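S.K.: Got a structure here, written out as structure tokens. Questions coming.
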Amino acid sequence: MARPFYLTTPIYYVNDVPHIGHAYTTIVVDALSRWHRLLGDDVFFLTGTDEHGLKIVRAAEANGVSPLEQADRTSERFKQAWRQLDIRYDDFIRTTEPRHAAAVGALLQAIYDNGHIELDSYEGLYCVACEAYYLESDLVDGLCPVHRRPVEVFKEENYFFRLSRFQRPLLEWLDAHPEAIRPEAKRNEALGLIRGGLSDISISRTSISWGVPVPWDEGHVFYVWYDALVNYATAIGYGDDPERFERWWPAVHHVIGKDILRFHCVYWPAMLLAAGLAPPFRIQVHGYLLVSGEKMSKTAFNHIAPADLVADFGVDGTRYHFLRDIPLGADGDFSYEGMVARFNADLANNLGNLVSRVATVVGKKCGGTGPAPASDSPLAAVAADAYRDAADAWERMATHEALDATWRLVREANAHLEANEPWKAEPGPAVDAVLGSTLEVLRIIAVMASPAIPVACAELWRRLGLDGRPDEQRLPEAARWGGYPGGLPVDKGPPLFPRLQPA
Ligand code: MSP
């Protein structure tokens with residue numbers, strides 16, 4: 001049976017409309033899920049919106065709507081953004097859905113029944129933007145260390161999750177699964193948090209009602225983070241369809257930004273252990289997409305909407321830039337100039353030119369019908385190496401390396417054309433071999449690059465006269481030399497990626 005491969009993005013808060021920081025995570029997960037579908041894995045790709053908590057209540061008040069209206073509108077905006085970016089998720093979860101309240105109730109009830117949740121009172125400094133308590137010593141100049149805004153004093157009688165009991169189990173988990181948190185630096189950060197000592201955490205609120213009710217005490221709602229994390233279990237049937245849940249859990253790959261490491265790498269695995277479940281298979285942490293050196297946020301007024309980039313660079317140009325230019329794990333500074341340069345170099349010049357040159361010469365020398373590839377072409381070995389390296393990089397979620405390896409093949413195919421100059425030669429077997437082999441490279445590229453640039457790859461596949469679609473192919477077979485049969489009409493068409501004027 002196909003390997004279950006469960007991929008998630010964080011669920012996004014609905015106080016804020018989507019910006020390219022959200023898009024970055026979602027594009028990475030979409031590309032990974034497309035690659036794994038090509039491998040024949042049984043992929044389940046989950047994204048969605050995080051709709052409870054004080055932050056949403058306050059945003060709704062500011063907009064003069066109810067929290068649910070705020071959530072309805074903004075979750076629609078996220079869906080729309082994902083349509084614009086050709087994101088192919090399998091499920092979009094909203095935490096206000098009844099299925100989610102049921103799963104949250106069931107999972108936290110299990111933790112409660114296991115004796116790891118107790119009532120206590122709490123007074124602390126709260127940042128509403130973070131939806132988190134801080135210690136006096138966490139503050140910077142008396143302000144929230146993340147948002148640089150004043151914190152508020154909150155006092156409540158809350159249910160506490162006895163996180164302090166889970167130091168050892170968490171360390172044992174990370175010891176037994178050294179690859180569970182990646183990259184290594186982030187694993188070390190999580191280890192540092194755990195070794196530094198864990199305090200019990202307050203998981204319920206009585207001060208607001210916009211949340212999932214605590215099943216054993218209706219006066220309380222769960223604090224938004226403990227409702228939110230459970231979304232990953234809700235979507236695969238926790239508490240509702242045990243068979244389905246067991247198929248996907250714990251084969252999960254959570255992809256998250258570094259801002260929410262503590263919740264995913266400490267609290268969530270501890271909650272799962274407390275409920276008698278296995279911690280996640282993998283948590284992949286990535287850096288921030290920065291605008292002029294700063295993280296994008298509502299409070300910093302430095303939003304860039306995904307639609308703005310799609311208007312200038314197209315779906316593929318936008319996706320390609322995020323996947324190619326930001327090594328997963330590191331921070332990356334967004335720059336319009338950098339994006340134009342990357343688009344022109346890799347898409348317009350390298351891939352776009354290769355496609356139009358081959359199609360033009362096939363038109364002139366072969367009457368528009370593509371010849372079959374040569375079995376002994378030097379490009380065959382280049383393609384095999386590129387596939388091996390790209391596959392290895394996708395497996396490590398190193399999208400920039402995967403695309404670098406893929407584009408090596410594009411560059412080599414261009415160099416092969418230049419070295420042989422089929423446009424100058426008389427039609428015949430030598431010209432056919434060069435052109436057929438380049439068409440074969442384009443067929444392989446159309447499959448290998450499809451997780452990053454799905455629209456152009458589908459069009460390229462069509463122009464090559466091939467049946468079906470590149471995203472229906474299976475790897476590694478589809479990357480094997482000799483798949484292009486020859487004898488198919490090659491359609492030249494307009495430039496795949498018209499060059500952009502540098503700003
Ligand atoms: N709702 C919580 C997550 C709950 S998951 C159970 C949350 N939401 S958020 O809307 O603030 O989005 C957080 C995620 O969006 C980050 O972890 C990250 O993946 C992505 N990003 C938001 N801004 C980003 C950048 N500027 N750069 C990169 N990713 C960013 O936290």
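The values are calculated or read from the model by the stated rules, or taken from the named source; none is laboratory data. Note that the structure is predicted; figures quoted are calculated from it, not measured. Note that we place each Cβ from the backbone using ideal geometry, even for glycine, and neighbour counts take in every protein chain shown. Each accessible area value is taken on the protein alone, full model and side chains, heavy atoms only, with ligands, DNA and RNA left out. Shrake-Rupley method; radii C 1.70, N 1.55, O 1.52, S 1.80 Å.
Let's see how each residue does on (1) under 23 Å from residue 397 (Cα atoms); (2) in a loop (DSSP other than H, G, I, E, B):
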{"residue": "194", "(1), (2)": "no, no"}
{"residue": "207", "(1), (2)": "no, yes"}
{"residue": "256", "(1), (2)": "yes, no"}
{"residue": "267", "(1), (2)": "no, no"}
{"residue": "270", "(1), (2)": "no, no"}
{"residue": "283", "(1), (2)": "yes, no"}
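S.K.: Check residue 44 against each of (1) hydrophobic (A, V, I, L, M, F, W, C); (2) open to solvent by less than 10 Å² (accessible area, probe 1.4 Å); (3) more than 13 Å from the ligand (Cβ to nearest atom) and name the one condition it does not meet.
M.R.: Unmet for residue 44, out of (1) hydrophobic (A, V, I, L, M, F, W, C); (2) open to solvent by less than 10 Å² (accessible area, probe 1.4 Å); (3) more than 13 Å from the ligand (Cβ to nearest atom): (2).
S.K.: Also, quick follow-up: Please determine whether any residue of region 299-319 is open to solvent by 40 Å² or more (accessible area, probe 1.4 Å), away from the ligand (no atom under 11 Å from the Cβ), touching a Lys or Arg at 6+ places or on another chain (Cβ under 9 Å) and more than 22 Å from residue 84 (Cβ to Cβ).
M.R.: yes
S.K.: Still on this structure, I have one more. Condition check: within 26 Å of residue 197 (Cβ to Cβ), more than 15 Å from the ligand (Cβ to nearest atom) and either in contact with a His (Cβ under 7 Å, 6 or more places away or on another chain) or small (Gly, Ala, Ser) (or both). Does residue 275 satisfy that? Please lay out each step first, then the result.
M.R.: Numbers: within 26 Å of residue 197 (Cβ to Cβ): yes; more than 15 Å from the ligand (Cβ to nearest atom): yes; either in contact with a His (Cβ under 7 Å, 6 or more places away or on another chain) or small (Gly, Ala, Ser) (or both): yes.
Judged against the criteria, residue 275 is a match.
S.K.: When only residues in region 88-117 that are open to solvent by less than 70 Å² (accessible area, probe 1.4 Å) and among the acidic types (Asp, Glu) count, which is nearest to residue 453 (Cα to Cα)? Can you show your working first?
M.R.: Start the filter on region 88-117 by keeping residues that are open to solvent by less than 70 Å² (accessible area, probe 1.4 Å), which leaves 89, 91-97, 100-111, 115-117.
Still in the list and also among the acidic types (Asp, Glu): 91, 97.
Numbers: 91: 22, 97: 33 Å.
Checking each candidate, the answer is 91.
S.K.: Scan region 270-282 for residues that are in contact with a helix residue (DSSP H, G or I) (Cβ under 6 Å, 6 or more places away or on another chain) and either surrounded by fewer than 18 Cβ atoms within 10 Å (Cβ to Cβ) or not hydrophobic (A, V, I, L, M, F, W, C) (or both) and jot them down.
M.R.: Passing the criteria: only 279.
S.K.: Can you tell me how many residues in region 176-220 are within 27 Å of the chain's Cα centre (by Cα) and either open to solvent by 20 Å² or more (accessible area, probe 1.4 Å) or away from the ligand (no atom under 16 Å from the Cβ) (or both)?
M.R.: Counting residues in region 176-220 that are within 27 Å of the chain's Cα centre (by Cα) and either open to solvent by 20 Å² or more (accessible area, probe 1.4 Å) or away from the ligand (no atom under 16 Å from the Cβ) (or both) gives 17.
S.K.: I'm told residue 244 meets every condition in (1) more than 26 Å from the chain's Cα centre (by Cα); (2) away from the ligand (no atom under 16 Å from the Cβ) except one. Can you identify the failing condition by its number?
M.R.: (1)
S.K.: Please count how many residues of region 16-41 are closer than 22 Å to residue 82 by Cα, more than 10 Å from the ligand (Cβ to nearest atom) and at pLDDT 95 or above. Spell out how you get there, then give the answer.
M.R.: We begin by selecting, within region 16-41, every residue closer than 22 Å to residue 82 by Cα; these are 16-38.
From what is left, the residues that are more than 10 Å from the ligand (Cβ to nearest atom) are 17, 27, 30-38.
This time we only want the ones that are at pLDDT 95 or above, so: 27, 30-38.
Final tally of qualifying residues: 10.
S.K.: Further question on the same structure: Here is a check on your reading of the model: is residue 223 closer than 19 Å to residue 12 by Cβ, within 15 Å of the ligand (Cβ to nearest atom) and in contact with a Lys or Arg (Cβ under 6 Å, 6 or more places away or on another chain)? Please lay out each step first, then the result.
M.R.: On the way: closer than 19 Å to residue 12 by Cβ: yes; within 15 Å of the ligand (Cβ to nearest atom): yes; in contact with a Lys or Arg (Cβ under 6 Å, 6 or more places away or on another chain): yes.
Spelling it out, residue 223 is indeed closer than 19 Å to residue 12 by Cβ, within 15 Å of the ligand (Cβ to nearest atom) and in contact with a Lys or Arg (Cβ under 6 Å, 6 or more places away or on another chain).
S.K.: Find all pairs meeting these conditions: Cβ atoms under 7 angstrom apart; at least six residues apart or on different chains; first residue within region 27-48 and among the acidic types (Asp, Glu); second residue not in a strand (DSSP E or B).
M.R.: Final answer for the pair search is 30/87; 30/88; 41/2; 41/3; 42/2; 42/3.
S.K.: Please give the number of the condition residue 49 fails out of (1) away from the ligand (no atom under 13 Å from the Cβ); (2) open to solvent by less than 20 Å² (accessible area, probe 1.4 Å); (3) not in a helix (DSSP H, G or I).
M.R.: Checking residue 49 against (1) away from the ligand (no atom under 13 Å from the Cβ); (2) open to solvent by less than 20 Å² (accessible area, probe 1.4 Å); (3) not in a helix (DSSP H, G or I), the one that fails is (1).
S.K.: Tell me whether region 104-123 contains one or more residues that are touching an Asp or Glu at 6+ places or on another chain (Cβ under 9 Å), in a strand (DSSP E or B) and aliphatic (A, V, I, L, M).
M.R.: Taking every residue of region 104-123 in turn, at least one turns out to be touching an Asp or Glu at 6+ places or on another chain (Cβ under 9 Å), in a strand (DSSP E or B) and aliphatic (A, V, I, L, M).
S.K.: Only one of these is closer than 19 Å to residue 394 by Cα, outside any loop (DSSP other than H, G, I, E, B) and open to solvent by less than 10 Å² (accessible area, probe 1.4 Å): 31, 60, 81. Name it. I'd like the intermediate steps shown before the answer.
M.R.: Working: 60 fails: closer than 19 Å to residue 394 by Cα; 81 fails: closer than 19 Å to residue 394 by Cα.
Just one listed residue meets the conditions, 31.
S.K.: Could you pull out the residue among 487, 465, 483 that is modelled with pLDDT of 95 or more, at positive phi and open to solvent by 30 Å² or more (accessible area, probe 1.4 Å)? Break it down into steps so the answer makes sense when it comes.
M.R.: On the way: 465 fails: open to solvent by 30 Å² or more (accessible area, probe 1.4 Å); 483 fails: at positive phi.
The unique qualifying residue is 487.
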